[in-house]
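Everything below concerns the one structure shown next.
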Amino acid sequence: MAEAGEPFVCITQNIRGRTSCTRDTSRLRNTQLAVAAHHGHMRCVKILVEEYESDIDAPGLVSITGRYISGAPALWCAAEGGHAHVVAYLLGKGANPNITTDYKATPMISAVNNNYVHIAKILLQYGAEIDSANSQGVTGLMHASCNGHVEAVEFLLKAGADVNRRNVDGKSAVYMCAASGHLPVLKLLLDRNARLDSDSFGITPLIAACSAGHAHIMEHLLNKTNLIPTMEAIDAMELLGAVFANKREVMIAIQYWQKATRQRYVDGALVYPKAQEPLVQSGDFREFSTLEELEGLETNREQMLVQSLLVRIRVLGTEHLETMISFRAKGIDYADEREFQRCFDLWMFALATKQHRPEPLSEGRLFHIKSLIGLYTYVINTSPENARDTWPVVHFDSLLRLFETITDATESVMSHVRESAGQPASVARKRIKYYNRLCRIITLLMHLLLSLTKLRRSLKEVQWIAAKREVYNLVKAKPRDSVGSTLLHMACSTCLQMDNTMVPVVIFPNLEVIELLLDTGADPRAPDHAGDTPLHTLAKNVECSREMTLALLNAGAHLDAKNYQGQTFQSLRAQRGQQLHELVNPLPYTSLQCMAARVIRKHGILYRSVLHPRLSAFVDIH
């Protein structure tokens with residue numbers, strides 16, 4: 001009885017008194033079986049399987065280290081919990097040894113991930129696949145290698161695991177163990193002829209190890225004759241030096257940089273020059289190339305950090321997480337010293353740098369765009385109003401350049417969204433990814449527009465006209481998020497916020513942004529996927545501004561337009577306890593066309609076969 005304890009009481013009390021045919025009871029039993037298996041309560045498992053005939057392979061829901069795992073079958077839960085006796089029992093009862101969670105994780109992956117080799121052996125005896133992979137293409141060998149589980153790695157290799165298999169990002173087991181710094185595992189994999197292939201971003205296991213500061217991994221790989229190309233070895237030493245520079249261990253950093261620089265020369269001739277990419281304007285940022293340029297560098301903390309960043313850019317690329325963090329940290333240092341243009345130049349340099357794996361609006365580019373917009377928002381919100389000598393005004397051309405860059409990125413990702421429509425499932429997943437990125441860039445654009453409106457009184461007329469031209473180009477591109485909201489919808493919504501330490505909490509709707517969008521051609525009658533116009537979006541807010549309502553109506557919004565649920569601006573405000581006349585006088589905004597359309601809809605008059613399609617669409621919204 002002690003074996004079951006309180007979980008046994010809890011489970012049986014939840015099941016007793018329920019009929020076996022109800023669907024809810026079946027789901028409950030499945031989850032309870034998963035929970036019992038995860039905690040190793042054999043008696044509970046036996047009761048649920050033998051007395052209540054629970055489906056052994058049915059998916060359940062369990063909480064592991066505070067994280068809910070959906071679609072988790074009992075066998076996976078038992079393997080994850082390290083309970084070999086439960087695993088053996090379930091397999092003996094016919095459980096599928098290769099069953100997966102919703103994320104395609106198998107019991108074998110779970111066992112070796114936790115170094116439960118005894119469980120992995122049981123699973124293998126019952127036919128478990130040794131090279132099964134989860135939804136990200138990560139196999140058990142990759143998990144075990146990443147965690148440094150020598151025993152599990154030895155078991156998998158003896159069982160015939162593919163040592164060179166790679167996940168969706170192109171990372172192999174040897175890549176993961178090198179990046180994690182596990183030398184014993186690395187030696188095992190290399191003895192099995194593991195290849196040192198680069199991942200999808202062009203990063204090799206050696207470079208990944210140096211990026212994480214694992215000097216012992218680098219030394220071992222470089223000591224293996226002809227295993228590492230000379231150029232890669234030099235880059236690795238320079239990257240490791242950059243890591244030590246960031247840790248303030250400047251003398252070690254200088255030693256690695258000097259050693260790497262010497263190896264670039266053979267008999268006094270430069271044989272292994274540094275790559276010249278990216279070919280962009282980088283201001284005063286220039287990487288060292290000779291031993292003379294390294295002399296005395298250790299005394300200049302500022303230059304050490306700059307050189308560390310430049311090495312990361314060249315070796316890792318701007319999309320790498322370590323590079324992005326370094327970019328942001330250095331830029332914030334400049335901003336703290338009120339050198340805003342240097343901060344802008346640095347982050348724009350990151351944004352313009354050629355990517356290892358070009359794709360529309362990558363995570364790295366979004367990261368840098370968010371930093372740049374955060375910079376402008378911070379400076380504008382902390383500067384005196386109407387001041388003409390502030391950085392955003394003096395260097396207004398920089399803001400226009402950023403706006404143009406973001407508009408181009410938005411158009412690029414929108415074209416990929418359109419191209420992926422109606423494509424197979426694999427492409428559809430990419431479409432979801434592009435939509436998510438599009439939503440994020442639109443949110444960032446709204447905050448950039450807000451910053452632009454705050455500069456209006458400080459700008460010259462020619463500057464403001466140039467700004468409106470950029471906004472017009474953006475509006476003309478017609479960006480929409482996944483629910484069909486336009487920029488104007490978002491400007492009218494209270495849901496738009498941006499979580500950024502450099503950006504004060506700003507809540508829309510905003511009258512100035514609405515007026516700017518309307519003035520540059522935004523359509524006040526455009527519906528989203530639910531048939532809501534910007535006026536509907538405004539009406540759904542708790543508070544509805546009279547000025548914003550009038551701005552939309554004066555621009556041509558229809559006061560009596562209905563969404564797909566038949567709701568109008570008036571009915572939506574009535575739900576909030578506000579009558580229409582308290583906001584606006586409806587008479588100036590009620591046309592004879594609108595009245596006629598309402599009569600046609602009210603009396604069910606057939607019109608689609610008689611009227612022009614544009615007129616039919618007009619009647620439809622009434």
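FYI, it's all coordinate maths here, none of it is from the lab. Not measured: the values here are computed from a predicted model. No Cβ is skipped: glycine too gets one built from the backbone with ideal geometry, and neighbour counts run over all protein chains shown.
Overview of values
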{"quantity": "Alpha-carbon Debye profile of the chain, log10 I(q)/I(0) at 0.08, 0.09, 0.12 Å⁻¹", "calculated": "-0.84, -0.98, -1.19"}
{"quantity": "Greater than 25 Å apart at Cα, pairs in 187/274; 478/540; 468/562; 247/433", "calculated": "187/274; 468/562; 247/433"}
{"quantity": "Two-decimal Rg to Rh for the range 359-411 - Kirkwood Rh, Cα set", "calculated": "1.05"}
{"quantity": "Inter-label distance, nm, simple model (7 Å from Cα along the C-beta direction), residue 165/residue 495", "calculated": "4.1 nm"}
{"quantity": "Pairs of Cα atoms farther than 19 Å apart, the range 523-584, %", "calculated": "19 percent"}
{"quantity": "Relative exposure of 376, 175, judged by other C-beta atoms within 10 Å (fewest first)", "calculated": "376, 175"}
{"quantity": "Projected label distance in nm at residue 615 and residue 212, using a 7 Å step from Cα toward the beta-carbon", "calculated": "7.1 nm"}
{"quantity": "Spread of Cα-to-Cα distances over 10 Å intervals beginning at zero, given as percent, for the range 153-197", "calculated": "29, 62, 9"}
{"quantity": "Three-way shape call for the range 155-311 based on the alpha-carbon gyration tensor, with the a/c threshold at 1.5", "calculated": "prolate"}
{"quantity": "Per-residue Cβ neighbour rank within 10 angstrom, fewest leading, 622, 536, 603", "calculated": "603, 622, 536"}
{"quantity": "Long-range HN-HN contacts of residue 64 with modeled amide H, under 5 Å", "calculated": "69"}
{"quantity": "Helix-only mean residue ellipticity at 222 nm for the chain, each DSSP H run of n ≥ 4 adding -39500 (n - 2.57), per residue, nearest 500", "calculated": "-17000 deg cm²/dmol"}
{"quantity": "At R0 = 35 Å, FRET efficiency that the Cβ-Cβ distance of residue 408 and residue 590 yields, to 0.05", "calculated": "0.25"}
{"quantity": "Karplus 3J(HN,Hα) series, Hz, for the range 306-312 with 6.51 cos²θ - 1.76 cosθ + 1.60 (x for Gly, Pro)", "calculated": "5, 5, 4, 5, 5, 5, 4"}
{"quantity": "Residue 598/residue 472 FRET efficiency (R0 25 Å; Cβ-Cβ; nearest 0.05)", "calculated": "0.15"}
{"quantity": "Stokes-Einstein translational diffusion, the range 477-622 - Kirkwood Rh over all Cα pairs, 1.567 mPa s, 4 °C, in µm²/s", "calculated": "80 µm²/s"}
{"quantity": "Calculated FRET efficiency for the pair residue 301/residue 259, C-beta based, R₀ 22 Å, to 0.05", "calculated": "0.50"}
